[in-house]
Amino acid sequence: MSATGINWFKYSSPQAFHPLAGRMIPWFAAAAVGLIAVGLYVGFFIAPTDVTQGDAYRIIFVHVPAAWMSMFLYVIMAIWAGIGLGLNARPSFMMAQAIAPTGAMFTFLALFTGSMWGKPTWGAWWVWDARLTSELILLFQYIGIILLRSSIDDLRRADRASAVLALVGVINVPIIYFSVRWWNTLHQGASVSITAAPTMAGTMVTAMLVMMAGFWMYSIAVTLARVRCVIVERERQPAWGKQASIPDVAEAR
Amino acid sequence: MQWGSLAEFFAMGGYGLYVWSSFGATALCMGGEVLAVWRRHAAAGNRDGL
């Protein structure tokens, strides 16, 4: 028992986690809407026009947060997959399953907005640069994990197979992150890092970081909403003989 | 604020097409995902709201 008196293990059961997730979603959703609104305001009305790139640079206010989320979400998905494999915990696999589509979407957006920035700035929609190529591979990894899961009927085998694929693929995340240092890429280096001063004006960094926080809150809200769907869909397996709802199953146990 | 008029804002210094495609695609994807999860939620038969 923890010192706070809350039995956290209680929430490791899907039946207990389902209503808890439901109560958390509105807060994360509200935070997401607020932060994104502030981020857009600062990004479009306060941040100045860039001297060299003109207003095309404003694309980074969605591009950088989307690219970061694509990598963060992959790592978090892999961690849940690892916990699931290690502890044989169903809710962990459900979390991994719920994160994958959002991660895939942000990977697509990072590539799409990057190409929208590349055309006016580099003069090319796409180049086979280490950063761009490794990010494209990340998109294929997400798609592969989602397809592998949906191709296996046995849920336990689907969980384990997609978890192994997610864990093996995590090696690509540091490759994406360090690609701009390891290889001579057309893609520029990090604009913001923990060890060095930002290479952009203060308001530009502010807009980007606020959008980043907003995308985090969005990802948490949408993942929690999806994991609730997954819980209900899975608990309604034909083994129970009738279409059992979560409260019914909780009572039966 | 660096925008003299609404037209200037939408033009984005000549990069309007690229800037608005990026933000538009992002809005469509995120909005579409919320809608998809909402419908899945309803189809799954959750009794309470999202």
Study note, to complete from the structure: Quick count over region A:7-48, residues being within 13 Å of chain B (Cβ to nearest Cβ) and among the basic types (K, R), is 1
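Condition check: farther than 30 Å from A:R90 by Cα, of a type in the set (A, V, I, L, M) and crowded, with 17+ Cβ neighbours inside 10 Å. Does A:M211 satisfy that?
So A:M211 passes the test.
Small (G, A, S), surrounded by fewer than 20 Cβ atoms within 10 Å (Cβ to Cβ) and modelled with pLDDT under 90: is that true of A:G144 in this structure?
Working: small (G, A, S): yes; surrounded by fewer than 20 Cβ atoms within 10 Å (Cβ to Cβ): yes; modelled with pLDDT under 90: no.
Spelling it out, it is not the case that A:G144 is small (G, A, S), surrounded by fewer than 20 Cβ atoms within 10 Å (Cβ to Cβ) and modelled with pLDDT under 90.
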Check your understanding: Before we move on, is A:R58 among the basic types (K, R) and over 26 Å from A:I231 (Cα atoms)?
Key -> yes
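It is to be established whether one or more residues within region A:51-66 are of a type in the set (S, T, N, Q), in contact (Cβ under 8 Å) with a residue 60 or more places away in the chain and crowded, with 24+ Cβ neighbours inside 10 Å. Working first, answer last.
From region A:51-66, those of a type in the set (S, T, N, Q) are A:52-53; that's our starting set.
In the following step, the residues that additionally are in contact (Cβ under 8 Å) with a residue 60 or more places away in the chain were identified as A:53.
Keeping just the survivors that are crowded, with 24+ Cβ neighbours inside 10 Å gives none.
Within region A:51-66, none of the residues are of a type in the set (S, T, N, Q), in contact (Cβ under 8 Å) with a residue 60 or more places away in the chain and crowded, with 24+ Cβ neighbours inside 10 Å.
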**Study point:** region A:180-194: number of residues that are assigned to a helix (DSSP H, G or I) and either surrounded by fewer than 15 Cβ atoms within 10 Å (Cβ to Cβ) or among the small types (G, A, S) (or both)
**Key:** 2
Check your understanding: Within region A:81-117, can you find the residues that are surrounded by fewer than 21 Cβ atoms within 10 Å (Cβ to Cβ) and facing chain B (nearest Cβ under 8 Å)?
Key -> A:P101, A:F108, A:F112
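The values are calculated or read from the model by the stated rules, or taken from the named source; none is laboratory data. From a predicted model like this one, the values you see are computed outputs, not experimental measurements. For neighbour counting, all protein chains shown are included, and Cβ atoms are generated from backbone atoms with ideal geometry for every residue, glycine included.
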